[in-house]
Each structure stands twice: as structure tokens, then as C-alpha cells.
Amino acid sequence: MTKPGVLLMAHGTPSSMDEMPEYLRLVRGGRPASDELIAEMRRNYEAIGGRSPLTDLTQAQAAALRARLGPEIPVAVGMRNWTPFIKDALAELAATAVTRVIGIPMAPQFSTLSVQKYTEAATAALPAGLRFDAVHSFHAHPLLLEAFAERVRAAQPKPDELVVFTAHALPQRVIDAGDRYADEVAETARGVAGRAGLTRYDRAYQSAGRTPEPWIGPDIGQVIDDRSGTGTRKFLVVPIGFVCDHTEILYDIDVQAARTAREFSTSLRRTESLNTSPTFIALLEDVVRSRM
């Protein structure tokens, strides 16, 4: 009889400013970051209090899932680019006599640049005797749509406020090569809008990398520019590509996009992140139990 365990996988974040150069080297596949990039990232982190809550929140999500699953199913957290690393989390699970690991990416929509990378890292580090069962996407799961819709309803969108669903941008070449990410983002947006009773909304991307190649859009800043030019003065951002607070939320939306909105004499706010939303944790439990 197999004994299942759960691995929640995320991107990772440094726990201090001193770790930024090594963290960026890992993110960049072993290539050292320039002094300029290190300084920029440190400024971004300083603007949100000096560190990202990503690891702490993912650990809190794991604790909430653990409470729902019970002591017989261990839950571990593994990061691709920082501690606790995916390989160490797998070793932790192996030590509990687990024989099968259900790997859940903490990203709703599948992408070859995120979810697939997590799965590859886990597969490469899998201890002998363990089987890895990868969850690739839960972008249209009814409980995910409901969790986001709850956040929208709690924000009480005003009649003159444009709701903008956002997700992380990807290089256009990845989509052109057949990645289904953008289609899944669109499906999530439609599902949340339907549950929240929205008849009008926009979809945008954010957090594009600093590379010369084109990235998918429109960028959230471009949407603010375009819509403010046609009379929209208020924006409510709903980041459906993310399941907890981290730099892409706290800096890219709360600081950067809000600054852009002020430049166009408009206002911008966002819904609360899912974090340990009971509905979201129920989704994770359902995903796990459906694999058992």
C-alpha cells in the first residue's frame, strides 16, 4: 500500500538583502546578476519592508492544508530558487516513509517556464523509492474560481471602477511555441468574473522581465494608460495568477502600478490575496484527495 505525501512548490525568495546576489544567480540559471540588477531588486524589496512574505505564507498554507488532511499525510514546502529547496523537501518527505509525492505548484495556470520547471526540479531530485505525481494546473477548479470571487465580492467593486485581472507575463516566444498559459489565464478570468457577477472587466499582464524580446500583454501600465484616456478613473486589480502576497503583488501592483495610476490622475486598489483563504485551502485538499 502506498503512503502519500504532499509537496507545495513555489519560486522562492531570499530571506535577507545579503542573499540577493546568490538568489538572483539561481534565478538566472547560474549566471551572476549585474550590480545594477542587484541594486534594483534590493530597492524593490526595501519598498515592501525589506523581505518578501512568500516563504512564510507558503508555509502557512502548508500548515492549513496539514490541519485539513490530518497527521497521516505529511505536507512539505519546497522552493525552486531558494531555501527550503525542493530537493530538501523531498528528502524530508522520504524520511517519513512516504512512497508517493503529490506535487502541487503554487501557481494556478500551467506554464513551461514556471510549473514545468518545478516538476522538472522535483523529478531530478526524487529520492529512490519515491514516485512523483505532478499536478499541472488547477486554473478552472470551482474552488479556485470561488476563492477569487470571494475576494472580488469583499472588495465591493464600484459601478465606475474597472476590474482588471492580472497574471505574470511570459515571453511571447513561449506562447508562440504552444504554451497554453495565456488560454488558462483567460479561462480563470472568465470563471471568476461569472461567479462575481462582473459584466465588464479587462485582462492584463504584469512583472515582465527586463529582456529585449517581446512579452505578452497588454501590460497593466498600458491598460491604465489606455483606459484612463477613455474616461476610466478607478481600477480594481485582481491578481488571478498568484496565490499569495510576494514582490509581484506588494511591489509590482501596490507600488509600481499604483504609481502609474497616480501619474494618470486615477486611483488603483487590489483585492486581498488568497493566502490562507479557507476556500483556497479547501481547493488544495480536494486536489490532494482526488489523487489518492
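The values are calculated or read from the model by the stated rules, or taken from the named source; none is laboratory data. What you see is a predicted model; the values in this text were computed from it and never measured. Cβ: placed from backbone, ideal geometry, glycine included. Neighbour counts: every protein chain shown.
Every residue in the stretch 176-201 that is under 19 Å from the mean Cα position of the chain (by Cα) and either surrounded by fewer than 19 Cβ atoms within 10 Å (Cβ to Cβ) or assigned to a strand (DSSP E or B) (or both), please.
The answer is Arg180, Asp183, Ala186, Glu187, Arg190.
For the structure I just gave you, tell me whether Ile240 is of a type in the set (A, V, I, L, M), surrounded by 15 or more Cβ atoms within 10 Å (Cβ to Cβ), farther than 19 Å from Phe138 by Cβ and in contact (Cβ under 8 Å) with a residue 24 or more places away in the chain.
Here the answer is no, as Ile240 does not meet what is asked.
Are there any helices (runs of 4 or more DSSP H) wholly within the stretch 49-164 with 2 or more residues that are acidic (Asp, Glu), and if so which?
Those helices (runs of 4 or more DSSP H) span 86-94, 142-155.
State the number of residues belonging to the stretch 190-224 that are closer than 13 Å to Pro171 by Cβ, among the small types (Gly, Ala, Ser) and touching a strand residue (DSSP E or B) at 6+ places or on another chain (Cβ under 6 Å).
So the answer is 3.
Considering each residue of the stretch 10-55, count those that are crowded, with 16+ Cβ neighbours inside 10 Å and acidic (Asp, Glu), and give that number.
0
Output the residue which, of all residues in the stretch 202-215 that are under 24 Å from Ala33 (Cβ atoms) and over 17 Å from the mean Cα position of the chain (by Cα), is modelled with the lowest pLDDT.
The qualifying residue modelled with the lowest pLDDT is Arg210.
Restricting to the stretch 29-55, give me the number of residues that are in contact with a helix residue (DSSP H, G or I) (Cβ under 7 Å, 6 or more places away or on another chain) and polar (S, T, N, Q).
2
As an exercise: evaluate Leu283 against (1) modelled with pLDDT under 95; (2) assigned to a helix (DSSP H, G or I) and give the number of the one condition it does not meet.
Among (1) modelled with pLDDT under 95; (2) assigned to a helix (DSSP H, G or I), the lone unmet condition for Leu283 is (1).
If I ask for residues that are touching a strand residue (DSSP E or B) at 6+ places or on another chain (Cβ under 6 Å) and in contact (Cβ under 8 Å) with a residue 24 or more places away in the chain, which ones from the stretch 33-72 would you list? If you could, list the steps in order and put the result at the bottom.
Just the residues of the stretch 33-72 that are touching a strand residue (DSSP E or B) at 6+ places or on another chain (Cβ under 6 Å), to begin with: 58-59, 62, 65-66.
Of everything in the stretch 33-72, those that are touching a strand residue (DSSP E or B) at 6+ places or on another chain (Cβ under 6 Å) and in contact (Cβ under 8 Å) with a residue 24 or more places away in the chain turn out to be Thr58, Ala62, Leu65.
How many residues does the stretch 162-175 hold that are farther than 24 Å from Lys117 by Cα and surrounded by fewer than 18 Cβ atoms within 10 Å (Cβ to Cβ)?
So the answer is 0.
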